[in-house]
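See below for the structure under consideration.
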Amino acid sequence: MTEHLVEVAGALVRIKDGRIEVLTDPTVSYCPLRQDLYGCREESRETVERSLREHMEVLGMYGPGRVLELPDRPVSFGASEIISDAMADGVV
């Protein structure tokens, strides 16, 4: 039995044994990045669940078959990812 507590768009979400339960409403009403990546014009419990479900189906997140490396990263998070992307692009 696995259980994860995560925050998405300010909403608290429990993922337990592959089931998504959005526990609170999102505190973020609009995010340009999430609109660009997921088409969310206005955040809701449904958009939070939909984006997590997509991550679980496409990337295997929160399961044993998760994808750890992507050939293309839509967004670089963290210092190591930013430096890696800059080196790959020849900027650094």
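I'd like to check something: does region 15-32 contain any residue that is among the acidic types (Asp, Glu), free of Cβ contacts under 8 Å to residues at least 40 places away in the same chain, surrounded by 13 or more Cβ atoms within 10 Å (Cβ to Cβ) and in contact with a Phe, Trp or Tyr (Cβ under 9 Å, 6 or more places away or on another chain)?
No, every residue in region 15-32 fails to be among the acidic types (Asp, Glu), free of Cβ contacts under 8 Å to residues at least 40 places away in the same chain, surrounded by 13 or more Cβ atoms within 10 Å (Cβ to Cβ) and in contact with a Phe, Trp or Tyr (Cβ under 9 Å, 6 or more places away or on another chain).
Filter region 27-80 down to the residues that are in contact with a strand residue (DSSP E or B) (Cβ under 8 Å, 6 or more places away or on another chain), part of a loop (DSSP other than H, G, I, E, B) and closer than 21 Å to Asp17 by Cβ and list them by number.
Within region 27-80, Tyr62 is the sole residue that qualifies.
Given the conditions (1) surrounded by 13 or more Cβ atoms within 10 Å (Cβ to Cβ); (2) β-branched (Val, Ile, Thr); (3) without any contact (Cβ under 8 Å) to a residue 12 or more places away in the chain; (4) not in a helix (DSSP H, G or I), report the number of the one that Ile83 does not fulfil.
Failed condition: (4).
Considering only residues that are under 18 Å from Tyr62 (Cβ atoms) and in a loop (DSSP other than H, G, I, E, B), which ones fall in region 13-26?
Result: Asp17, Gly18, Leu23.
Computed from the coordinates by the stated procedures, all read-outs in this text should not be read as laboratory data. Bear in mind that the values here come from a model prediction, so they are computed numbers and not experimental data. Using ideal geometry, Cβ is built from the backbone for each residue, glycine included, and neighbour counts are taken over all protein chains shown.
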